[in-house]
Each structure stands twice: as structure tokens, then as C-alpha cells.
Amino acid sequence: MPPKLIALIIKELLSAFHDPRTRIAFIVPPIMQVFLYAYAATLEVTNAPIGVYNEDWGQSSRQLISRFEKASAFSTITYFKSEKEIQPAIDSQGVLAVVRIPQDFSRKIAAREPVSVQVLLDGRKSNSAQILNSYINAIVANYAVDVVLGEERPDVSAVLDRSWFNPNREYRNTMVPSLVGTLTMTTVLMVMVMSVSRERELGTFEQLLVSPLQPLEIMIGKAVPGLIIGVALGTAITAIVTLVFGIPLTGSIFVLYAGLIVFTLAIIGVGLFISSLVSTQQQAMLGAMVYMMPAMMLSGFTSPVQNMPDWLQPVALLNPLTHFLVIVRGVFLRDMPMALVAERIWPMAVMAVFTLTAASWLFRRKLG
Amino acid sequence: MSDLETLERTDLVPQPPSDRKFEAPESRARPDIAVSDKGGSMRRMRALIRKEMLQIIRDPSSLVVAVVLPLLLLFLFGFGVSFDVTKMRVGVVIENPNPETEMFLASLANTPFFQVRVAHDRRAFLDDLTASRIEGVVILAGDFTQRIGRGDTVGVQIITDGTDPNTASLVNAYVQGAWQTWLAQRALSSGLQAKALISTEPRVWFNPELESRRFLVPGSIALILMMIGSLLTALVVAREWERGTIEALLATPASVPEFLVGKVVPNFFLGLLAMAISVGFSIFVFDMPLRGSIFSLLAATTAFLLVALSAGLLISTVARTQFLASQIAMMASFLPGLFFSGFIFELSSMPAPLRAFSALVPARYFVKSLQTIFLAGDIASVLVPSILILSFMSVVVMALTWRNSKMRLD
């Protein structure tokens, strides 16, 4: 590498890190996000307030209610005395679900007649409502089985249910490793677009142009610090994930790095591409946002790609993050072999080549 | 000398006319000063607002923020983010094919939720599960038929991909459901009691189809406004510092509150524009109901925008470069808005300290209000406390901003 290029890379790294407040801005948000995703990002329902409206005075309803009291998924159980109390409680989100036991519940159970229990759910939180409904269903179904059991053979055949790779289905185990992808993307992209647009806005870009560096060299000088920052950040998060959260890296670390480097290159290409289109920092940041938001949402980070409509799924496959998240989750949790990882690396490599070429072409045209 | 100090001094001692060349000469008596300064203040604020408006209009990126970003985000949240699993790719392993297993396979394949592939060896789907090409594997053991009705658990196995816990739970629930239905049908055909002794009858209020889009869209509107509010205002003051134009502003007689009002008002209208676009898009494209009134929508939006805007200004007073301002805005407003607003993640399941922290996040009250206004209607027990809390927060943040804004060049 020619010494003038090395000088440019050192200059870029210095200008990215010389200001102590900016240094903090590099270090604090990623760490904050790691802990946020570890402790706050959950779709589970473990502490939901529910209500019970029992119109029945018999023993069976009391037995059923005591099962709700013992369940750990509910924080508090409010007992309603009249039907009128139900609506305000749901309206004000005082309870997320209400179980309504009909008047003839105990009588019908004693007579072995089918009876149904009404479950009122707050659809404003559709996912939680669905999960709560399945909890309540399970409790009621268990109770029904126990009522029948003991006098006749139950016609039940339970299903054995296992989850591989993450047996307790903990959100943390999948969210935290994914940050190797998302945080690397946001930070590298921000650094890339801001470093070019800042020089444009402050006028120092002209100085770079009159230096003996070729446009391509300027681009490389901007790209290499991005790569260094991306790989360093990815390494730091991998260390936090394994050391602090004890989530083991079941696959090979070399496979992870192969993915990380190709992924960072693709993101650098996108960053340079955006930089070549904008002229102020505000525009650069908005450009980065307009790219980052869809990239995050169409990556399978918060919700799986398969849930998207069919016409949107090919778009998600054009997103480097989609592929890298499969690699990260695969390498951390599933011991994904290189052959399967390679299936995801080559699309990112194609994207990297494409965005870097397009960016360098735009750069040269703009500078020339 | 800043105008704030000038104003303080004029309150104490009448100033010599040379110091106050912007005022009419007869403004020496104190009541007159107050009156004429009020007029000047209005004029200055108008000028500052106009300057800010022009800056917004001239920079196309601001319009991107107000128009394109809301549309893009709503589009993404509406189509891209969904917790409704509609097609689960499931591999079914039938170790010993017979009429019973065929019946069960048909009952799985006939539901709209599954996309079924069949194999006769469980090893066939190992790679697919590892590469996440399928969401789960259902294994019907070789002695499946014999085990039915014995209370055994090994006849049917479900293996799900735990790396996506939500989908894993849903796949499990749906397969279990299909299994129960199949058992019931089988019992029916053999003349046994078909219906379970106790069944549950779910009734979902406000969102009967349980579409996740209906709860995500109001939440994403809150996120959009938070971004526009905090991010843009955080940038506009930092930009003045970075470009050096703050000196020009300091040289004018504008005081701190005037300066702040000049920044808030235009961005407030930009926020309202974004809100109008978002609401229109949600109603006409996503077919969201708007069961509450426009008035309550406007009240909640105003209260929330004021908090978001003043938070942005507070950030600007700390950060003097746009990069730093944007990072702080992301950290202090966007991330808490994403995590602690109940927009995607379930607040009640978080650890107690985080739940307590979420009470300080303005987006939480706005998300709650929006979900209620869109899906439930004008419910005072939700809206009134939320709007009051938001208003109180905006007053506190504005007071903090005023105290921290040092209009000096040190």
C-alpha cells in the first residue's frame, strides 16, 4: 500500500476518533443496545394482568380459577363482580384478558356436558393477546383433562414438543448475537456517510482533491477505516455476547469473520454510494436513515422474512443484513457448516462488488 | 452581550437609549418598554420562524423527512413487519406410512397455515432446519397408530427452530391445534364424544382478526414523529454551531426563548404534516379504523410533538456537531421509543427496573393513546392521563432546555 494512502487512512481514523464526545458516541450506543436487546427485547408474555368474571358459584369454577392463580404468566388477577366492570378495565388496559366463566359451569361439568368459557382479549396488542389466549387455553384444557381423568381412560395423546438450537426459546439468545449484524451496519454506515459529507460541508473535501491522491485512492482511504471499525465492533460484540451473556459460539469463528468482512464491505459500498449522492450532513444522515430503516425491518431481525408478503420477500433478499443475520444466528446457535454459510456469503459478495463499483463510478464522475 | 442579559438588566435599571437602538425612543418608561419589547419580540420570532421555514423548504431533505420517511416507514411496518405467521414451512416425517398418517398429513396440508413437505427419515430435514429453510419438523413415529389413545407422548414430535422463539411457539401451537382437531374428527368418526368437555371461546375486542398490523401501525406513527421531532431539531441547532451561523444569530437581539420558539414552530408544523400523511396513509392504504375523534388525535399529537421537539432542542444544546447530535438523538429518543413504548416489545414482561424506566419514555404514552384512538375510540381513562403526562413532560424538558441554552460562544 502506498504511504500516501496509509497517511489518508490514519487521517480518517483520527478525524473519526479525535473528539472525546464523538468517541463516546461510538462506544456507548452499541453497548447500550446490547443490554437493551438482552433485557428489553421480548415478545413473551410473563407478567400480564388478567381479569376473571365468575358467574358460577360451584366448586369446579373455583378449582379452575385456582389454576390461573398458580400460573406464572399472570401478574395480577382482578376479580370482577359484575359485567359492567369488564369493559372499563379492558378499555383502560388495566387487564389484557378476561376469563368469563358461565353460570352453569359447575353444573354442566358435574353432568359431563360440554361447556365453554369465554375469553375476552384486548386486540390492541395482537401478539400478546394471541399468546395469552394460548396460555389460557392450555390451562383450561389441562383442567378438563384432569376432570375426566380418574373415571375413564382419557382420549388424549399429548405431543412431544422440542425446540432445537435454543431449547427454552429465549429471545435473548437470538436477539443479542444478531447485534453483530445490526450494530455493525448502523455504525459503519453512519461513519461512512458522515465522514464524506462532513468534509463536503466544511470544505475540506477540496483539499483532499488537490492532494496527489487519485479519486480511487480517496475512496479506498475512506473505505478502509470503515472496514477496521466494522470488524473491531463485530469482534467486541462477539466478545460481549460470549463472555457477558454466556451465549456460546457453537460454529467456527473463521466462518463468522468471513461473513463479517464481506458484509462490512457491502455496507461500505452502500455508505459510499449514499455519500456520493448527498451534499450536506443532514442529507447524508437522512439518506443513511432511509436505507437503514428498511434494511433493519426487511432483514428478519424483529420478525421473520417468511411472514412478509410474497412480493416483498425478494426485496428482503437484496438486503445484505438478511443474509448476514442468517449467518450470525447460524454460527452462534446452530453450528452452521461452511457449505450452508457460503450460500449466504455469495449474495453479499455480489452486492459488495456492485455497490463499491457503482460508488466508485459515481465518485469519479462527481470529482472529475 | 446576549439579549437575555439585556432584558434582565432593563428590568432592574432603565438603560441608556444607546443600548437599545432597536426600540422606539419613547420606550424609556418601564411599562412602555415591556409593551414595545413584546412587539419586537413577536417580530423577531416571526422573522426567526420565517428563516427556519425557508431553510426547511430550500433543503429538499427536510421534505424527505416529512413526506417520504413517514410513507416509507409505514409501508415497511405495514408490510415488512408481521408477527402473523401465515405460511409455516413444515417438514413432516412419516416413518411408517399408513392410512392414519395419511389422514393426519391431509389435515395439516389442508389448513392454510402450513406448507408441507414429506420425507420418511428425520435426517432429511436436518440441513433445512439448520439453514432455516423450514420452520419446524413434525415427526410421526413408526408406531404412531398404536400409540394413539394411550396417553403417550412419543407418537408425535414437533421440532421447532428455537432461534426464532415467536415463530417456534406459533408453529407449535398450530400443529397442536391441528392434532387436536384431527383427534376430535377421528373420535367423531368412531362414534365417540367429539367435543371436548370444556372449550374456550375467544372474543377479541378492537381487532377481531388479531392482525399484528393493526397494532404496529399506530406504534410506527409514534416512532416516525419521535424521529422527525427529535432528530430534526437536534440537527438544526447543531448545524448553526457547526457552520458558524450561530454567531450571526447571537449578534441579533433575539433572546433564548425567542430563538427556541423560532426553532420549534416550523418543525412543529413539519411534524403535523408528517402526522397527517401518516394517518391518511394508515386509513386509506392499510384500512385502519379511526374510532376516536380527530380532536383527541390532534391533542395527543400536539402534546407528544412538543415533548419530542423540546427533547431535540435539549440535545442540540449539549451537542455542537451534527454527528454527535444525531447519535445522541438516536440514543436518547429513538431507541427508548423503540424498546420502551410497548410498540413491539411487551412492557409487562420486562424486568422491574426497566418497567419503571419505561414510565419516563414519552413514546409509551403516545403509542398507548394512538392504539386506543385508532382501534378503540375516545376512552378518557387512557387518553386524559396520557396527554396530561405528555404535557407535563414537555414543560419540564422545555424548562431544562431554557436553563441549559447558553447563548455564548465560549
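Right, B:Ala254: without any contact (Cβ under 8 Å) to a residue 40 or more places away in the chain, assigned by TED's automatic domain parsing to the domain that holds B:Pro362 and within 26 Å of B:Arg44 (Cβ to Cβ) or not?
no
Can you name every residue in region B:196-222 that is among the β-branched types (Val, Ile, Thr) and within 17 Å of the chain's Cα centre (by Cα)?
Result: B:Val217, B:Ile221.
Quick check, is A:Tyr79 in a strand (DSSP E or B) and surrounded by fewer than 14 Cβ atoms within 10 Å (Cβ to Cβ)?
Against the criterion (in a strand (DSSP E or B) and surrounded by fewer than 14 Cβ atoms within 10 Å (Cβ to Cβ)), A:Tyr79 qualifies.
Does A:Ser92 qualify as being small (Gly, Ala, Ser) and at pLDDT 80 or above?
Criteria met by A:Ser92.
Having 3 or more residues that are touching a Phe, Trp or Tyr at 6+ places or on another chain (Cβ under 9 Å) and either facing chain A (nearest Cβ under 7 Å) or at pLDDT 80 or above (or both) is the bar; report the helices (runs of 4 or more DSSP H) wholly within region B:73-180 that clear it.
In region B:73-180, B:99-110 are the helices (runs of 4 or more DSSP H) which contain 3 or more residues that are touching a Phe, Trp or Tyr at 6+ places or on another chain (Cβ under 9 Å) and either facing chain A (nearest Cβ under 7 Å) or at pLDDT 80 or above (or both).
Output the residues belonging to region B:359-410 that are touching a residue at least 24 places away in the same chain (Cβ under 8 Å), part of a helix (DSSP H, G or I) and not hydrophobic (A, V, I, L, M, F, W, C).
B:Pro362, B:Arg364, B:Tyr365, B:Lys368, B:Ser369, B:Gln371, B:Thr372, B:Ser386, B:Ser391, B:Ser394, B:Thr401, B:Asn404
Note down all Cβ pairs under 9 Å where the first residue falls in region A:335-350 and is on the phi > 0 side of the Ramachandran plot, the second is among the hydrophobic types (A, V, I, L, M, F, W, C), and they're at least six residues apart or on different chains.
Close Cβ pairs (under 9 Å, with a partner that is among the hydrophobic types (A, V, I, L, M, F, W, C)) amount to A:Asp335/A:Phe165.
Of the residues B:Ala194, B:Ala184, only one is at pLDDT below 75, surrounded by fewer than 20 Cβ atoms within 10 Å (Cβ to Cβ) and not assigned by TED's automatic domain parsing to the domain that holds B:Val92; which?
That would be B:Ala194, the only listed residue that is at pLDDT below 75, surrounded by fewer than 20 Cβ atoms within 10 Å (Cβ to Cβ) and not assigned by TED's automatic domain parsing to the domain that holds B:Val92.
Please return the ranges of helices (runs of 4 or more DSSP H) entirely within region B:258-342 where 3 or more residues are free of Cβ contacts under 8 Å to residues at least 60 places away in the same chain and under 29 Å from A:Arg124 (Cβ atoms).
Once the helices (runs of 4 or more DSSP H) in region B:258-342 are filtered for at least 3 residues that are free of Cβ contacts under 8 Å to residues at least 60 places away in the same chain and under 29 Å from A:Arg124 (Cβ atoms), what remains is B:294-318, B:335-339.
Which numbered condition trips up A:Tyr79, out of (1) modelled with pLDDT of 85 or more; (2) under 32 Å from the mean Cα position of the chain (by Cα)?
Tallying (1) modelled with pLDDT of 85 or more; (2) under 32 Å from the mean Cα position of the chain (by Cα), A:Tyr79 fails exactly one: (2).
Within the bounds of region A:48-68, is there any residue that is in the same structural domain as A:Ile109 (by TED's automatic domain parsing), in contact (Cβ under 8 Å) with a residue 12 or more places away in the chain, among the basic types (Lys, Arg) and not in a strand (DSSP E or B)?
Checked region A:48-68: at least one residue is in the same structural domain as A:Ile109 (by TED's automatic domain parsing), in contact (Cβ under 8 Å) with a residue 12 or more places away in the chain, among the basic types (Lys, Arg) and not in a strand (DSSP E or B).
Kindly check whether there is at least one residue in region A:26-41 that is in contact with a helix residue (DSSP H, G or I) (Cβ under 6 Å, 6 or more places away or on another chain), within 8 Å of chain B (Cβ to nearest Cβ), in a loop (DSSP other than H, G, I, E, B) and closer than 30 Å to B:Val318 by Cα.
Yes, the conditions are met somewhere in region A:26-41.
Out of the residues in region B:219-278 meeting the condition of being β-branched (Val, Ile, Thr) and within 16 Å of B:Ser62 (Cα to Cα), tell me which one is surrounded by the fewest Cβ atoms within 10 Å (Cβ to Cβ).
Among those residues, the one meeting the criterion is B:Val265.
Can you pull out the residues in region A:174-211 that are polar (S, T, N, Q) and within 30 Å of B:Thr163 (Cβ to Cβ)?
Listed by number, the residues that qualify are A:Thr174, A:Ser178, A:Thr182, A:Thr184, A:Thr186, A:Thr187.
Kindly establish whether B:Val236 is within 10 Å of chain A (Cβ to nearest Cβ), modelled with pLDDT under 85 and in a helix (DSSP H, G or I).
In short, yes.
The values are calculated or read from the model by the stated rules, or taken from the named source; none is laboratory data. Note that the structure is a prediction, hence the values are computed from the model and not measured. No Cβ is skipped: glycine too gets one built from the backbone with ideal geometry, and neighbour counts run over all protein chains shown.
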